[in-house]
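Bear in mind that the values in this text are calculations on the coordinates, not laboratory data. Here the structure is a predicted model, which is why all the values come from computation and not from measurement. As a convention, Cβ positions derive from the backbone with ideal geometry for all residues, glycine included, and neighbour counts pool all protein chains shown.
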Amino acid sequence: MKITESSRTRLKRLLRAFQGVERALVLTHDYPDPDAIAAAMALKHLLQKRVKKLSVDIGYGGIVGRAENRTLVKAVKADIKPLTDLDIASYQQFALVDTQPRTGNNSLPAGKRPLAVLDHHPLRRETRPVKFHDVRTRFGATATMMYEYLKAARAKPDADLATALFYGIRTETQALTREASKADREAYLALMPMVDFRRIYEIENAGVPREYFGQMGYALSRTTLFGDVTFTRLGEVSNPDFCAEFCDMILRLESTRWALCVGHREGICYLSLRTRDRSGHAGRKIMKIVGKEGKAGGHGMMAGGIAFIDRFEPATEESASQELCRRFLEVTETAGREGEPLVAKPIRSKPMEIPEKVAAD
């Protein structure tokens, strides 16, 4: 990755913004994913190395729910803490990574304006007044942006940070196959020699509890097909991350072009939208789906959002899910198409036959 004069200028402006600050909190979006975790780690590393007397913590709302993400946090020693464990009033300034103000997916305190925002999602109006903001949608991952900052600062990441950044880019771009730019590819390859691939294996093969398979089975039974479009109504979820995880999985269904998964928790519907269409404008579509009842955003092929149940009429989860499904079918031009359950009958109608040699073994 070539470091340009504009890269150096951005670095100087970022560091200048934090001059004189003694305590800062880097916030990811709620339920942080690998890209957000890696970007936050890189920003903390950079600020503490280059700004005198500055102490930086990383915080998040919600939980780190997905098994792979929990394993990532441990494997790379990511010192990130839930906001319930932090004294918010003790921080002079805030920075947002992989999210922006008033998106509904982060826990920036009400009335607070962050000092810095670094993100690869479309620029929002609320971000423009922020003293330092770097929002570049051409990047497939915020982790790639942060690697550029580290390069400009001549700050070589250690194995932990390199592994986090590599995995963040890997997951966000699906190993460079989804919305990956030249910069993402260059960062991915540059980080590779510094990565601990034994940890990558541990992360990608993270163990899950028995209940996880029950959740998967339930989700499959709640999936409806509308031709090449699928809608999954998960009901109540303890971990909203599961919406995105299942949506990624169900998109593998052959002939599926669009997939929307909706789950609810504490009066909020969580939505994850995925498509195979590289010019699908998923971010625009999900904003139409949530409408005035929520907030949303995303990229061309993936997006997420929230909708508040009490803004629907009647204010019930069933009513909200039905309306969200109706809008989903409308924006994907499948309105009026009759749905059919994904799992209409048992997959096997007779006992599985076990080869004699396997049975003997």
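For the pair Asp310 and Arg198, label points projected 7 Å from Cα toward Cβ lie 5.2 nm apart.
Extension gain, Asp277-Glu254: 0.36 nm per intervening residue step, less the Cα-Cα distance, totals 6.9 nm. Residue order for Asp35, Asp30, fewest other beta carbons within 10 angstrom first, comes to Asp30, Asp35.
Note on Lys52: aspartates and glutamates with a C-alpha under 12 Å away, same-chain residues under 8 apart excluded, are Glu22. Per the Debye formula with a single identical scatterer at each Cα and no solvent contribution, what log10 I(q)/I(0) holds for the chain at q = 0.08, 0.11 Å⁻¹? So the normalised log intensities work out to -0.42, -0.77. Take the Cβ atoms of Gln19 and Lys77, set R0 to 22 Å, and the FRET efficiency comes out at 0.20. Applying 1/(1 + (r/R0)^6) with R0 = 25 Å to the Cβ-Cβ distance of Arg337 and Tyr218 gives a FRET efficiency near 0.55. Between Gln322 and Lys112, the simple spin-label model (points 7 angstrom out along Cα→Cβ) gives 4.1 nm.
Structure note, pairs Lys2/Lys151; Lys74/Lys156; Lys2/Lys182; Lys53/Lys151; Lys2/Lys156; Lys112/Lys292: Cα-Cα distances above 19 angstrom occur for Lys74/Lys156; Lys53/Lys151; Lys112/Lys292.
Taking the convex hull of the alpha carbon positions in segment 5-203 and averaging its projected area over all directions gives 10.3 nm². Gaussian network model of the chain, Cα springs within a sub-10 Å range: biggest mean-square fluctuation belongs to which of Asn205, Asn105, Asn239? Maximum fluctuation in the GNM of the chain, among the listed residues, is at Asn205. In this calculation the C-beta distance from Asn205 to Asp85 is compared with R0 = 30 Å, giving a FRET efficiency of 0.55. Potential lengthening of the chain between Lys288 and Thr177 amounts to 37.3 nm, from the contour at 0.36 nm per residue minus the alpha-carbon distance. Candidate cross-link partners of Lys285 among the lysines, defined by an alpha-carbon separation under 25 Å and a same-chain spacing of 8 or more, comprise Lys295. One decimal place: the segment Glu126-Ser238 gains 37.3 nm when fully extended, by the rule 0.36 nm per residue minus the C-alpha distance. Between Pro341, Pro32, Pro114, the residue with the greatest mean-square fluctuation in the GNM of the chain (Cα pairs under 10 Å linked by springs) is Pro341. Between Lys49 and Asp158, the simple label model (points 7 Å from Cα in the Cβ direction) yields a spacing of 1.1 nm. Scan the chain and report its longest stretch carrying no GluC sites (Glu not before Pro) that are both in a DSSP loop and have at most 15 other Cβ atoms within 10 Å. Here the longest segment lacking exposed loop sites spans 23-253.
A DSSP coil position with no more than 10 other Cβ atoms inside 10 Å describes the following trypsin sites (Lys or Arg not before Pro) in segment 276-328: Arg278.
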